[in-house]
1. Condition first: out of contact with any Leu (no Cβ under 8 Å at 6 or more places or on another chain), within 14 Å of chain B (Cβ to nearest Cβ), modelled with pLDDT of 95 or more and surrounded by fewer than 16 Cβ atoms within 10 Å (Cβ to Cβ). Can you find one or more residues in the stretch A:57-75 that meet it?
2. Test residue A:24 against the criterion of being touching a Cys at 6+ places or on another chain (Cβ under 9 Å), open to solvent by less than 40 Å² (accessible area, probe 1.4 Å) and charged (D, E, K, R), and give yes or no.
3. Quick one: count up the residues across the stretch A:146-159 that are in contact with an Asp or Glu (Cβ under 8 Å, 6 or more places away or on another chain) and more than 7 Å from every other protein chain (Cβ to nearest Cβ).
4. Which condition number in (1) free of Cβ contacts under 8 Å to residues at least 40 places away in the same chain; (2) open to solvent by 10 Å² or more (accessible area, probe 1.4 Å) is the one that residue A:121 fails?
5. Restricted to the stretch A:27-53, and to residues that are buried (at least 20 other Cβ atoms within 10 Å of the Cβ) and within 14 Å of another protein chain (Cβ to nearest Cβ), which residue is nearest to residue A:117 (Cα to Cα)?
6. Checking residue B:136 against (1) at the interface with another protein chain (Cβ under 7 Å from one of its Cβ atoms); (2) surrounded by fewer than 18 Cβ atoms within 10 Å (Cβ to Cβ), which test does it fail?
7. Residues to consider are A:94, A:99, A:152; find the one that is in contact (Cβ under 8 Å) with a residue 24 or more places away in the chain and either in contact with a helix residue (DSSP H, G or I) (Cβ under 7 Å, 6 or more places away or on another chain) or open to solvent by 40 Å² or more (accessible area, probe 1.4 Å) (or both).
Number of protein chains: 2
Amino acid sequence: MKVTKRRAAENRSRLVRAAGKLFRQHGIDGIGVADIGKAAGLTHGAVYARFPSKQALAAEALSEGTKRTTELMKSACAAQPTIGAYLDFSLNKIHRDDIAGGCPLTASGSETARQRKPVSRAFAEGFENYVAAVQEVLADNADYATTRERAIAIAAAEIGTLIVSRAVMKADLAYSNEILAAGRRVLGEVGGEYRQTAH
Amino acid sequence: MKVTKRRAAENRSRLVRAAGKLFRQHGIDGIGVADIGKAAGLTHGAVYARFPSKQALAAEALSEGTKRTTELMKSACAAQPTIGAYLDFSLNKIHRDDIAGGCPLTASGSETARQRKPVSRAFAEGFENYVAAVQEVLADNADYATTRERAIAIAAAEIGTLIVSRAVMKADLAYSNEILAAGRRVLGEVGGEYRQTAH
């Protein structure tokens with residue numbers, strides 16, 4: 001019985017990870033439940049036995065994916081958790097080029113507005129989780145915006161920078177690189193990066 | 001003959017505008033050529049006679065839409081063209097709530113990476129056109145990033161701010177408003193808004 005429960009949990013987890021990857025790759029509306037089930041080695045019916053709707057699966061995949069990427073960033077930067085390190089982790093060519101393995105907020109950003117409430121909620125929670133991580137490492141700038149406003153604006157701007165750099169990439173790789181570098185530099189400045197280090 | 005040519009141009013223009021609206025509303029992959037034709041009063045065949053592929057139609061709709069929104073912003077702010085006025089024009093609740101009538105770079109941002117080269121090129125040209133408009137009104141900040149880097153980062157961040165505020169909206173309207181306001185304020189600061197006006 002214990003083995004069966006563990007296996008059920010493993011199946012569910014494999015399904016959620018497979019769904020997340022396929023949603024990022026093809027868009028939430030661009031892939032069906034049958035194909036997701038197939039990728040996780042499950043039948044269409046077995047998927048619906050675990051998730052009442054595609055929206056529920058999309059919401060859980062978004063939650064799992066954002067939790068994973070935020071934790072990954074925090075642990076990768078644990079030795080020196082600064083806004084510069086966080087931005088280097090997120091705004092780089094490897095992440096830009098890996099839509100299937102990267103941040104789900106970025107991969108599904110504009111289409112989330114077309115999904116239903118559970119997906120919107122998962123997006124909001126995932127985004128807030130990321131904002132909180134950014135806020136923790138922000139230096140107080142003593143400027144106009146508060147630290148929280150700055151953390152929110154930086155997190156949203158990172159998503160915009162990655163989305164735009166991916167969107168222009170097939171037509172103009174040099175421009176894509178320029179956008180990525182400009183976002184990285186300016187957001188470091190917004191986060192007070194150059195005030196944290198001696199220069 | 002002149003009348004026929006004019007009518008053909010009008011039909012084409014009506015088709016492109018209808019396509020743009022439907023792509024923004026449903027996503028580029030979320031609407032078919034037949035439905036777009038219907039909305040413009042044209043048959044499926046009449047659409048393909050004008051555009052060799054859905055990608056070609058999506059590219060032209062993106063071009064037309066970005067040109068329109070950038071020109072709209074410039075003319076609306078012509079009396080006082082400042083970064084603050086531009087940000088007020090773009091980052092507000094009316095624009096957030098009007099995905100079908102708003103900026104196509106925002107509506108189709110994350111899914112453009114999944115489209116082919118012509119759409120990517122239209123996105124790149126539309127984005128650069130917007131960046132150039134922003135750059136014209138930026139005050140020199142004498143900080144680390146250049147004016148061009150700042151214009152690029154602001155334009156990408158505006159797209160990210162709108163995308164995130166739309167994505168979380170169904171679940172949490174107050175949070176959506178907070179994101180919009182934070183983006184507006186911080187990007188004004190990045191653009192040197194508070195240095196342009198006396199305070």
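The values are calculated or read from the model by the stated rules, or taken from the named source; none is laboratory data. Just so it is clear, the structure is predicted and the values come from calculations on it, not from any experiment. Because the Cβ atoms are built from the backbone with ideal geometry, glycine has one as well, and the counts that use them run over all protein chains shown. SASA here: full protein model, heavy atoms, side chains in, ligands and nucleic acids out. Shrake-Rupley method; radii C 1.70, N 1.55, O 1.52, S 1.80 Å.
1. Within the stretch A:57-75, none of the residues are out of contact with any Leu (no Cβ under 8 Å at 6 or more places or on another chain), within 14 Å of chain B (Cβ to nearest Cβ), modelled with pLDDT of 95 or more and surrounded by fewer than 16 Cβ atoms within 10 Å (Cβ to Cβ).
2. In short, yes.
3. In the first step, residues of the stretch A:146-159 are kept if they are in contact with an Asp or Glu (Cβ under 8 Å, 6 or more places away or on another chain); the result is A:147, A:152.
Filter once more, so that each one left must be more than 7 Å from every other protein chain (Cβ to nearest Cβ): A:147.
Residues in the stretch A:146-159 being in contact with an Asp or Glu (Cβ under 8 Å, 6 or more places away or on another chain) and more than 7 Å from every other protein chain (Cβ to nearest Cβ): 1 in total.
4. Condition (1) is where residue A:121 drops out.
5. Per the stated criteria, the residue is A:28.
6. (1)
7. Values: A:94 fails: in contact (Cβ under 8 Å) with a residue 24 or more places away in the chain; A:152 fails: in contact (Cβ under 8 Å) with a residue 24 or more places away in the chain.
Answer to the selection: A:99.
A quick yes/no check of all residues on (1) at the interface with chain A (Cβ under 8 Å from one of its Cβ atoms); (2) open to solvent by less than 30 Å² (accessible area, probe 1.4 Å); (3) without any contact (Cβ under 8 Å) to a residue 12 or more places away in the chain; (4) out of contact with any Gly (no Cβ under 9 Å at 6 or more places or on another chain):
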residue	(1), (2), (3), (4)
B:128	yes, no, yes, yes
B:144	yes, no, yes, no
B:161	yes, yes, no, no
B:168	yes, yes, yes, yes
B:172	yes, no, yes, yes
B:175	yes, yes, yes, yes
